[in-house]
1. Go through (1) over 30 Å from Leu232 (Cα atoms); (2) in contact with a Phe, Trp or Tyr (Cβ under 8 Å, 6 or more places away or on another chain); (3) basic (Lys, Arg) and name the single condition Lys152 misses.
2. Among the residues that make up region 218-240, is at least one of them of a type in the set (A, V, I, L, M), surrounded by fewer than 19 Cβ atoms within 10 Å (Cβ to Cβ), farther than 20 Å from Val259 by Cβ and without any contact (Cβ under 8 Å) to a residue 24 or more places away in the chain?
3. Hey, can you tell me all the residues within region 187-206 that are exposed (fewer than 14 other Cβ atoms within 10 Å of the Cβ) and either in a helix (DSSP H, G or I) or hydrophobic (A, V, I, L, M, F, W, C) (or both)?
4. Look through Glu72, Glu61 and report the one residue that is in contact with a strand residue (DSSP E or B) (Cβ under 6 Å, 6 or more places away or on another chain), open to solvent by 90 Å² or more (accessible area, probe 1.4 Å) and at pLDDT 75 or above.
5. Please find, among Lys219, Lys204, Lys258, the residue that is closer than 24 Å to Leu139 by Cβ and modelled with pLDDT of 85 or more.
6. Within the set of pairs 6 or more residues apart or between chains, which connect a residue that is in contact (Cβ under 8 Å) with a residue 12 or more places away in the chain and of a type in the set (D, E, K, R) inside region 128-145 to a residue that is surrounded by fewer than 17 Cβ atoms within 10 Å (Cβ to Cβ) and in a loop (DSSP other than H, G, I, E, B) with Cβ atoms less than 9 Å apart?
7. Within region 167-195, track down each residue that is modelled with pLDDT under 90 and among the hydroxyl-bearing types (Ser, Thr, Tyr).
8. Looking at Val146, Val164, which one is open to solvent by less than 50 Å² (accessible area, probe 1.4 Å), of a type in the set (A, V, I, L, M, F, W, C), in contact with a helix residue (DSSP H, G or I) (Cβ under 9 Å, 6 or more places away or on another chain) and at pLDDT below 95?
Amino acid sequence: MSGKIKVNLEARKNRLRRRLIGALNESFGAISLLTAAVVLSVLFVYFYSAFLSASYLEVREISVRGVKELTEKDILTLAKIRPRSNILAVNTDAVARRIAVNPWVKHIYVGRELPNRLVLDVRERTPIALVKQAGNFYLMDAGGFVFKKLSKTDDVDLAILTGVNIQDKAQSALLTEALKLLETLSTDDQHANLGTVSEIHIDKVFGLSILTDKGLHLKLGRDNFAGKVRQLDIVLADLEKRGMKNGHLFVDLADVSKVTVQRKDALGKAQEQKKGPQYRI
């Protein structure tokens with residue numbers, strides 16, 4: 001009986017010994033893995049820090065591209081890139097956000113050209129007209145976006161949009177057409193005989209009216225503006241044959257089937273029929 005008890009005790013001791021050895025082995029393995037992870041982390045931090053502080057990757061050149069209204073100095077001031085920064089440590093998104101606060105900036109790309117050049121590629125907004133709101137003039141681009149209050153430093157010579165309420169959605173379609181027409185007249189040499197557009201007036205009822213620096217006052221109505229401008233070329237050619245092209249003229253193209261031409265006085269007021277001839281073409 002005592003022999004059996006001794007055997008059982010010995011077996012229990014062996015089981016406990018095996019369990020203890022297994023637990024120690026597992027603990028040693030876990031400690032080894034943890035130690036290796038710590039060592040690797042320290043080495044990674046060390047080499048990463050050394051990499052970021054390497055003079056080979058210091059920013060030595062910042063290339064600013066695409067500026068017209070703004071200057072290279074303006075962009076660099078906004079970018080706030082510290083001298084001798086590591087090119088990989090520069091937060092390009094943060095730099096782009098800082099530059100984008102300028103109203104002239106439509107899009108900004110910040111890129112790296114390794115080993116040591118940063119590129120700031122700017123796409124500026126192109127103003128196409130001035131619009132008056134609350135007593136102040138603002139710059140508007142071809143998309144109808146009012147992006148900046150006109151200041152003394154803005155060297156622009158643009159047509160003025162009058163009768164515009166940028167908050168009025170009912171005007172948006174007519175405003176879009178006015179901007180398209182203005183862009184066409186400004187860039188298409190075929191319409192150079194009209195002169196430079198100095199003002200476009202927008203009226204929800206009567207449509208568009210245009211004033212040019214050659215003394216033309218054009219009433220275009222609400223639709224088919226491109227067709228009416230083409231018709232105007234024919235009208236002006238006919239007026240030149242009649243010797244009437246010079247001087248201030250009011251041309252009503254609202255209905256192309258009965259184009260009316262009147263002379264205006266120096267103040268731009270159309271003369272009454274009894275004071276001057278009226279022509280229909």
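The values are calculated or read from the model by the stated rules, or taken from the named source; none is laboratory data. Just so it is clear, the structure is predicted and the values come from calculations on it, not from any experiment. As a convention, Cβ positions derive from the backbone with ideal geometry for all residues, glycine included, and neighbour counts pool all protein chains shown. Just the protein is used for accessible areas: all its heavy atoms, side chains included, with ligands, DNA and RNA removed. Shrake-Rupley method; radii C 1.70, N 1.55, O 1.52, S 1.80 Å.
1. (2)
2. Looking for residues that are of a type in the set (A, V, I, L, M), surrounded by fewer than 19 Cβ atoms within 10 Å (Cβ to Cβ), farther than 20 Å from Val259 by Cβ and without any contact (Cβ under 8 Å) to a residue 24 or more places away in the chain, one finds none in region 218-240, hence no.
3. If the condition is that a residue be exposed (fewer than 14 other Cβ atoms within 10 Å of the Cβ) and either in a helix (DSSP H, G or I) or hydrophobic (A, V, I, L, M, F, W, C) (or both), then Thr187, Asp189, Gln190, Ala192, Val205 are the ones that fit.
4. After ruling out the rest, the residue left standing is Glu72.
5. Going through Lys219, Lys204, Lys258 in turn, the sole match is Lys204.
6. If the second residue must be surrounded by fewer than 17 Cβ atoms within 10 Å (Cβ to Cβ) and in a loop (DSSP other than H, G, I, E, B), the pairs left are Asp141/Thr126.
7. Scanning region 167-195 gives Ser172, Thr184, Ser186, Thr187.
8. On the way: Val146 fails: in contact with a helix residue (DSSP H, G or I) (Cβ under 9 Å, 6 or more places away or on another chain).
None of the others qualify; the one that does is Val164.
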